[in-house]
Amino acid sequence: MPGTAPEFSSRTVVVMTAGGLNPTIVVQHLAKSGLDVHIVLENPEGKGEITRRRAKKLGWVEALGQLGTMIAARVLRRLSDRRVGQLLAAHDLDRALPETVPIHPVTSINAAETRDLVDQIQPGAILLVSTRLMSARQLAAMPCSVINLHAGINPNYRGQMGGYWSLRENDARNFGATLHLVDAGTDTGGTLYEVRTRPERTDFISTYPLLLTISALEITRRSVEDALEARLSPQVPQGPSALRFPPTLWSWIWCGITRRIW
């Protein structure tokens, strides 16, 4: 069952991801720590699919506004190259995956092929970094603890862009990241560790996730080690709970101009 210790001794961890710089540096850190890391690389969800799902929940105006911000953040990543380089250099990280880490492509972390792959690898822990939500059915089929690296402090900053929302809500003391067990909800599982940091003036919506990921590298390793050694101690997250989405393009621009929170 999810959250229980494996019945076999394993130093193998499966990192499930849709790819990108943030999971790359997580894999680097885990591999440097001496863990046997395997990557299960899923196809990322299309923006159209995400927008349609949000439209059913929030309405088309809100969903399209959020899509606009997602596109803008991707375009503006070019402006963040200098800051990204500074962060990577300061922590002895780079943009390339270790050549020794095997990569297993799958269509989705929820596919039957993923279950079969996990059965073959027999990991002692599974870590999600930048993936779609794992379905309850798939979670129940996993043979070991499933952990998520979340760029926000739970439960008030569940969902997406938690760092941004903490700043926007005048809650900079909770600009941070959470390692938690995965359950059937969205970032609602028991908290394993938290870390808080502070952004620089040059950080913005495109660099917040990287900054939080780097800040969480050690607690990510610790969470995985705890799972491998059967010493997980999840805590119920305290405080108000809110599911976050990207801001609409117009509200993001307004907040950037009026409050300098980009």
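General observations
- Ranked for footprinting exposure by Cβ neighbours inside 10 Å, fewest first, C255, C144 give C255, C144.
- Taking a straight Cα-Cα cut-off under 18 Å and skipping sequence neighbours fewer than 8 places away in the same chain, the lysines within cross-link reach of K47 are K56, K57.
- Listing W252, W262 from fewest to most neighbouring C-beta atoms within 10 Å gives W262, W252.
- Bridge type composition, the chain - antiparallel percent by DSSP, nearest 5: 35
- Positive-end residue of N43, T213, G159, charge dipole of the range 12-259 with Cβ unit charges: G159
- In this structure the amide hydrogen of A242, modeled in the peptide plane, comes within under 5 Å of the amide hydrogens of N156, Y157, R158, none closer than 5 places in sequence on its chain.
- Tensor-based shape of the range 32-107 (alpha-carbon gyration tensor, a/c under 1.5 rounded, otherwise prolate or oblate): oblate
- Distance (nanometres) between label positions extended 7 Å along Cα→Cβ at Q120 and I103: 1.7
- Max mean-square fluctuation residue, GNM over the chain, Cα-Cα springs under 10 Å, options A96, A31, A73: A96
- Cα gyration tensor category, rounded, prolate or oblate, for the chain with a/c compared to 1.5: prolate
- The range 133-201: C-alpha gyration tensor shape, a/c 1.5 cut-off, then a/b vs b/c: prolate
- Separation of the A112 and T186 label points, Cα + 7 Å toward Cβ, nm: 2.9
- Sorted ascending by nearby beta carbons within 10 Å, beginning with the fewest, I109, I261, I205 become I261, I205, I109.
Bear in mind these aren't lab numbers, they're just calculated from the coordinates by the rules spelled out. Not measured: the values here are computed from a predicted model. Using ideal geometry, Cβ is built from the backbone for each residue, glycine included, and neighbour counts are taken over all protein chains shown.
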